[in-house]
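Below is one structure. I have some questions about it.
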Amino acid sequence: DSGVTQTPKHLITATGQRVTLRCSPRSGDLSVYWYQQSLDQGLQFLIQYYNGEERAKGNILERFSAQQFPDLHSELNLSSLELGDSALYFCASSVGDGIVEKLFFGSGTQLSVL
Amino acid sequence: TQLLEQSPQFLSIQEGENLTVYCNSSSVFSSLQWYRQEPGEGPVLLVTVVTGGEVKKLKRLTFQFGDARKDSSLHITAAQPGDTGLYLCAGVQPGANSKLTFGKGITLSVRP
């Protein structure tokens, strides 16, 4: 058990819909990262928050947004969903935001867009 | 084009065999990490290497960071079925802070 909690574990929805994925980091970790994993693209970095502020941005679509709340949990919002958004979405956390950080990953949310 | 190329993509071996897999790039990395991911779970960090030429051992696993900090290898001695999984390398480029870029991974299957 990594200590990172992601909910829900599975999500099935239709094209055009909006969903929210939730992540609770390990106790004491200030950074939260979101990744998307698909068979063809592998694990793609989406966005990072550190202590409530956006710290780094990756290949995140404009239809996607995220935030980190004062209690440090994070939510990833996906809107106007398309078939291609079907993937595993992982949240990870780390203590800081330095060059060498040990990331702890949650078990992921499997999103299926039908 | 993938920043980190991992090879081979798939590997199926018999228990007890040795193997080496690779993670290559044309770019320099400040640090490089190896993770193992099992089905239905998130990746789990195995090792972090930061110095060119560095070698780290984790039981039967040996990790090496290339002298130029552009590539890395993972050698497993006497593989066991419990080593089965997806092995991912990930690197941080200079100036990219904590933005970790992953390779697509190597799927390893160790047959009993």
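What follows draws every value from the coordinates through simple rules; no lab data is involved. The structure displayed is predicted, hence computed values, not measured ones. Glycine gets a Cβ as well: all are built from the backbone with ideal geometry, and neighbour counts include every protein chain shown.
Compute the distance in nm between two label points, each set 7 Å from the Cα along the Cα-to-Cβ direction, one at A:LEU83 and one at B:ARG60.
In this crude spin-label approximation the distance works out to 4.3 nm.
Could I have the simple spin-label model distance between B:VAL28 and B:SER12, label points 7 Å from Cα toward Cβ, reported in nm to one decimal?
The answer from the label model is 4.2 nm.
Another one. If we count other beta carbons within 10 Å of each Cβ, what is the order of A:VAL113, A:VAL100, fewest first? Mind showing how you got there, number by number?
Working: A:VAL113 19, A:VAL100 15.
With the sparsest Cβ surroundings first, the list reads A:VAL100, A:VAL113.
I've got another one for you. What's the exposure ranking of A:LEU81, B:LEU3, going from fewest to most Cβ atoms within 10 Å? If you can, show how the numbers build up before the last one.
Working: A:LEU81 20, B:LEU3 13.
Ordered from fewest to most neighbouring Cβ atoms within 10 Å, A:LEU81, B:LEU3 come out as B:LEU3, A:LEU81.
Moving on to the next point. Between B:VAL50 and A:LEU39, what is the FRET efficiency for a Förster distance of 30 Å, r being their Cβ-Cβ separation, to the nearest 0.05? Show your work: numbers first, answer last.
On the way: r = 31 Å, r/R0 = 1.02.
Working from the Cβ atoms, E equals 0.45.
Also: Pop the C-beta distance of A:LEU114 and A:GLU53 into the FRET formula with R0 = 35 Å and round what comes out to the nearest 0.05.
Details: r = 35 Å, r/R0 = 1.01.
Efficiency, from the Cβ-Cβ distance: 0.50.
If you plug each phi of segment A:100-114 into the Karplus form 6.51 cos²θ - 1.76 cosθ + 1.60 with θ = phi - 60°, what whole-Hz ³J(HN,Hα) values come out, in order, with x for Gly and Pro?
Result, rounded to whole Hz: 10, 10, 8, 8, 10, 9, x, 7, x, 10, 8, 9, 10, 9, 9.
Now for a separate question. Shielding of B:24-31 by partners, i.e. mean partner chain Cβ atoms within 10 Å per residue?
1
Taking R0 as 45 Å, what's the FRET efficiency between B:THR107 and A:PHE69 from their Cβ-Cβ distance, rounded to 0.05? Working shown, then result.
Values: r = 36 Å, r/R0 = 0.81.
For B:THR107 and A:PHE69, the calculated efficiency is 0.80.
Quick one: which residues, 5 or more positions from A:ALA66 or on another chain, have an amide H under 5 Å from its amide H? H modelled 1.01 Å from N in the peptide plane, none for Pro or chain starts.
A:ASN77
Looking at this model, which pairs from A:LYS57/B:LYS70; A:LYS57/B:LYS57; A:LYS9/A:LYS57 are more than 30 angstrom apart at the alpha-carbon? Kindly include the intermediate steps, with their values, before the conclusion.
Working: A:LYS57/B:LYS70 23 Å; A:LYS57/B:LYS57 33 Å; A:LYS9/A:LYS57 24 Å.
Correct reply: A:LYS57/B:LYS57.
Per residue of A:29-35, count partner chain C-beta atoms within 10 Å of its C-beta, then hand back the mean as an integer. Please report the intermediate quantities before stating the final value.
Details: counts 0, 0, 1, 0, 3, 0, 4.
Across the residues of A:29-35, the mean count of other-chain Cβ atoms within 10 Å is 1.
Still on this structure, please answer the following. Could you work out the mean count of beta carbons from other protein chains within 10 Å of each residue's beta carbon in A:104-111?
Working: counts 4, 7, 2, 3, 5, 0, 1, 0.
The mean count of partner-chain Cβ atoms within 10 Å per residue comes to 3.
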